[in-house]
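Report on one structure; see the data block that follows.
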Amino acid sequence: MTPKINRQRLTATFIELCEISSPSRYEKPVADYLSHCFKKLGAEVIHIDNSASSTGSDSGNLLIRFRGNARNTDGLFFSCHMDTVEPGQGVQVVQEGDIFTSKGATILGGDDKSGIAALIELMSIVTETGVDIPMIELIFTTCEEIGLLGAKHLDYTWLQTRYGYALDSTGIDRVITGAPAANKIKIEVHGIAAHAGLNPEKGINAFCLAAKAIAELRLGRLDEQSTANFGLIKGGIATNIVPDLITLEGEVRSHSAQKLDEYTKEIETTFQKTIENWRNPFLNQDEIPSVDIMIEKEYPAMCLPQSAPVLERIRRAGTRIGRNLEFLVAGGGSDANILCSYGLPTAIVATGMDKVHTTDERLKLNDLISLTELLYALVTESGPESPEQ
């Protein structure tokens with residue numbers, strides 16, 4: 001039976017967390033807060049790894065271990081990220097009834113402090129009740145919002161548990177079992193600068209070349225597994241100067257590694273052909289445009305088989321407390337993609353967060369309570385080898 005969640009304490013914890021500013025690369029205040037909090041709750045080990053030298057954060061990832069005493073089930077980990085998107089400085093939480101929002105000038109920070117608050121309440125209940133639990137490891141990463149950097153540089157040798165749950169998705173009672181891989185694309189189109197009024201024929205307009213290439217691309221939904229987008233463009237100096245450099249940044253995502261490579265190559269080829277086919281009768285053909293294309297594999301795909309122990313466990317836990325969990329494949333990447341790539345099966349669990357990455361972000365207290373109840377069911381769930389099964 002799930003103990004009654006302390007609504008007042010959970011509310012206070014969530015508000016306090018949200019009002020600690022922690023934009024990407026400035027997570028130390030949250031890491032310090034959590035270290036103190038979990039020390040009071042009896043954590044056996046509190047460890048900051050050395051990832052900061054690689055991520056540029058003012059903190060490493062925070063790793064916490066509760067040894068546990070249950071012997072009939074596997075240990076497990078929970079993962080949340082400590083950073084938030086901007087505008088995230090000076091958050092002031094407003095509570096109206098069951099709903100948390102910010103005052104409106106900032107995000108709320110429920111992404112991902114809703115998951116963190118639920119874990120604090122979970123371990124508070126475990127400590128108060130003295131219930132038997134398996135080993136529980138808590139992973140709090142940095143720089144998730146700027147490329148999953150903390151997870152990419154996590155000290156994986158520290159972990160002793162072999163599967164777990166990333167608390168980081170919108171909605172409630174949802175479990176994400178698959179997510180796409182992604183390639184980041186940066187393209188620099190080089191032309192030749194010239195005065196746009198006096199001698200434009202001596203210039204090569206990099207903007208026009210970039211626009212021509214983009215017009216030839218397939219963007220948006222490519223197929224049922226894949227998407228592509230260009231979202232950033234910059235360049236030029238003044239309206240009276242033919243621009244000699246335009247930089248574009250975009251991405252390709254796909255649940256298929258083959259399609260990811262094919263669609264990425266399609267973008268490369270389109271830009272290269274656009275440059276190769278350029279002709280200008282006013283210029284010596286020794287003066288030609290060029291293009292530099294940089295591809296970064298941002299994160300690999302995750303795909304959990306339905307028979308995976310990490311999914312079987314949460315199914316049993318949900319059934320035991322009467323939850324009709326929804327199992328979904330998502331279109332975005334998270335720390336779970338990286339954890340899975342290190343051989344640590346990780347399902348993503350929704351925390352109730354809503355309208356994330358906007359100043360309209362909101363969260364319902366009852367959803368946060370529901371999440372905490374599910375987490376309690378997970379840590380008290382007997383393993384498949386238990387006589388109860």
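Couple of notes before you dig in:
- Residue within the stretch 70-77 that is in contact with a strand residue (DSSP E or B) (Cβ under 9 Å, 6 or more places away or on another chain) and polar (S, T, N, Q) present: no
- When the residues of the stretch 142-156 are filtered to those that are touching a helix residue (DSSP H, G or I) at 6+ places or on another chain (Cβ under 6 Å) and assigned to a loop (DSSP other than H, G, I, E, B), the one that is farthest from residue 182 (Cα to Cα) is 142.
- You will find that of 214, 120, 185, the residue that is outside the structural domain of residue 62 (by TED's automatic domain parsing), under 28 Å from the mean Cα position of the chain (by Cα) and part of a helix (DSSP H, G or I) is 214 and no other.
- Residue within the stretch 194-207 that is part of a strand (DSSP E or B), surrounded by 20 or more Cβ atoms within 10 Å (Cβ to Cβ) and at pLDDT below 95 present: yes
- Residue check for residue 139: buried (at least 16 other Cβ atoms within 10 Å of the Cβ), in contact with a helix residue (DSSP H, G or I) (Cβ under 6 Å, 6 or more places away or on another chain) and outside any helix (DSSP H, G or I): no
- Residues in the stretch 5-41 that are touching a strand residue (DSSP E or B) at 6+ places or on another chain (Cβ under 7 Å), free of Cβ contacts under 8 Å to residues at least 60 places away in the same chain and not basic (Lys, Arg): 35 only.
- Note on the stretch 278-322: residues that are over 30 Å from residue 254 (Cα atoms) and in a loop (DSSP other than H, G, I, E, B) amount to 14.
- Candidate set from the stretch 60-83 (those that are in contact with a Ser or Thr (Cβ under 6 Å, 6 or more places away or on another chain) and modelled with pLDDT of 95 or more); member that is farthest from residue 20 (Cα to Cα): 75
- Residue satisfying condition, being on the phi > 0 side of the Ramachandran plot, in contact with a Lys or Arg (Cβ under 7 Å, 6 or more places away or on another chain), at pLDDT 95 or above and small (Gly, Ala, Ser), within set 56, 90: 56
The values are calculated or read from the model by the stated rules, or taken from the named source; none is laboratory data. Keep in mind the model is a prediction, meaning the values are calculated, not measured. Neighbour counts run over all protein chains shown; Cβ positions are idealised from the backbone, glycine included.
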